[in-house]
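In what follows, a single structure is set out as structure tokens and then discussed.
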Amino acid sequence: MLAHCALRDKIKAWMLVEREDFRNDVEWILEPTVMIFWRSKKKSRKRFHESTKVSASARISDDSQMGKYCYVGNYSDITKATIGNYVSIANNVSIGSGEHHLTNISTSSLFYDDPYVELTQGDCILGGDAWVGVDAIIRRGVSIGIGAVVGANSFVNADVPDFGIVVGSPARLIGFRFNEVQRAAILKSQWWETDLERAREIIEQLKEDVL
């Protein structure tokens, strides 16, 4: 810990002298492996809607998109993903990490023409109101449906249907949050496409009509 602090203090001292404007606009994160990285506070505020809360230790690639009223927990890593509104992502979740080709002679990305492009093939989509539990892993090319739930410590390598609940490694479908009639009514409402106040009104009405 002392070594970590000393290294951090040295870098901050350099930035104080050389890059005061930059120093004031960064958010420091010190990893246990002494890997230090930073991201712009201003950029993080502007990048997503103000209603979306992203933990300071979470890492989200620049080509990812995220909707309103979302939450991303500590140390989660999201790569080249499209995330809807009202999505809850717990701590230490991995979404869309790069995947190496198994049929190449070498598994190393050093032999790829464009490593990032090749490692991140396949769309990774999380529908509105999805909930991803702590330590879950979602592979590239996987779509998580509207209102679906991914249990803690699950490894998801296949699409999850709307309102489906998956758990395990590999994740398996163990049920749905609602019956078929209820699912149809909720999907028809599209409440997750509305702002918070309107969403509350629609949800209260749905409770009376279909639950």
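The values are calculated or read from the model by the stated rules, or taken from the named source; none is laboratory data. Everything numeric in this text was worked out from a predicted model, so none of it was measured. Note that we place each Cβ from the backbone using ideal geometry, even for glycine, and neighbour counts take in every protein chain shown. Surface accessibility is based on the protein's heavy atoms, side chains included, excluding ligands, DNA and RNA. Shrake-Rupley method; radii C 1.70, N 1.55, O 1.52, S 1.80 Å.
Before moving on, here are some points about what is shown:
- Qualifying residue in the stretch 65-74 (condition: within 22 Å of Asp135 (Cα to Cα), assigned to a loop (DSSP other than H, G, I, E, B), among the hydroxyl-bearing types (Ser, Thr, Tyr) and at pLDDT 95 or above): yes
- The residues listed here are Tyr116, Tyr86, Tyr112; of these, the one that is among the aromatic types (Phe, Trp, Tyr), open to solvent by less than 40 Å² (accessible area, probe 1.4 Å) and over 28 Å from Leu196 (Cβ atoms) is Tyr112.
- Tallying residues that are at negative phi, touching a residue at least 40 places away in the same chain (Cβ under 8 Å) and not hydroxyl-bearing (Ser, Thr, Tyr) within the stretch 49-81 yields 4.
- Output for the stretch 160-195, where each listed residue is touching a Lys or Arg at 6+ places or on another chain (Cβ under 8 Å) and exposed (fewer than 14 other Cβ atoms within 10 Å of the Cβ): Asp195
- Condition met for Lys80 (in a loop (DSSP other than H, G, I, E, B), more than 22 Å from Phe163 (Cα to Cα) and basic (Lys, Arg)): yes
- The stretch 119-136: number of residues that are over 30 Å from Leu196 (Cβ atoms) and open to solvent by 60 Å² or more (accessible area, probe 1.4 Å): 1
- Here the stretch 34-62 is the region considered, the condition is being part of a loop (DSSP other than H, G, I, E, B) and at pLDDT below 50, and the residue that is most open to solvent (accessible area, probe 1.4 Å) is Met35.
- Given (1) more than 17 Å from Ser88 (Cα to Cα); (2) at pLDDT 95 or above; (3) in a helix (DSSP H, G or I), number of the condition Trp192 does not satisfy: (1)
- A residue that is modelled with pLDDT of 95 or more, surrounded by 20 or more Cβ atoms within 10 Å (Cβ to Cβ), among the hydrophobic types (A, V, I, L, M, F, W, C) and farther than 16 Å from Tyr86 by Cβ can be found somewhere in the stretch 140-148.
- For the stretch 63-83, the tally of residues that are of a type outside the set (Ser, Thr, Tyr) and either in contact with a helix residue (DSSP H, G or I) (Cβ under 6 Å, 6 or more places away or on another chain) or open to solvent by less than 20 Å² (accessible area, probe 1.4 Å) (or both) stands at 7.
- Screening Val26 on (1) surrounded by 14 or more Cβ atoms within 10 Å (Cβ to Cβ); (2) modelled with pLDDT of 90 or more; (3) among the hydrophobic types (A, V, I, L, M, F, W, C) shows it passes everything except condition (2).
- Flag for Ser97 being surrounded by fewer than 19 Cβ atoms within 10 Å (Cβ to Cβ) and at pLDDT 95 or above: no
- For the residues Leu206, Leu187, the requirement of being touching a residue at least 40 places away in the same chain (Cβ under 8 Å) and in a helix (DSSP H, G or I) singles out Leu187.
- Among the residues making up the stretch 82-122, those that are without any contact (Cβ under 8 Å) to a residue 60 or more places away in the chain and within 21 Å of Gln190 (Cβ to Cβ) are Thr82, Ile83, Val87, Ser88.
- Selected residue [modelled with pLDDT of 95 or more, under 19 Å from Lys80 (Cβ atoms) and among the aliphatic types (A, V, I, L, M)] from Ile125, Ile186, Ile202, Ile165: Ile125
- Residue in the stretch 101-110 that is assigned to a helix (DSSP H, G or I) and not β-branched (Val, Ile, Thr) present: yes
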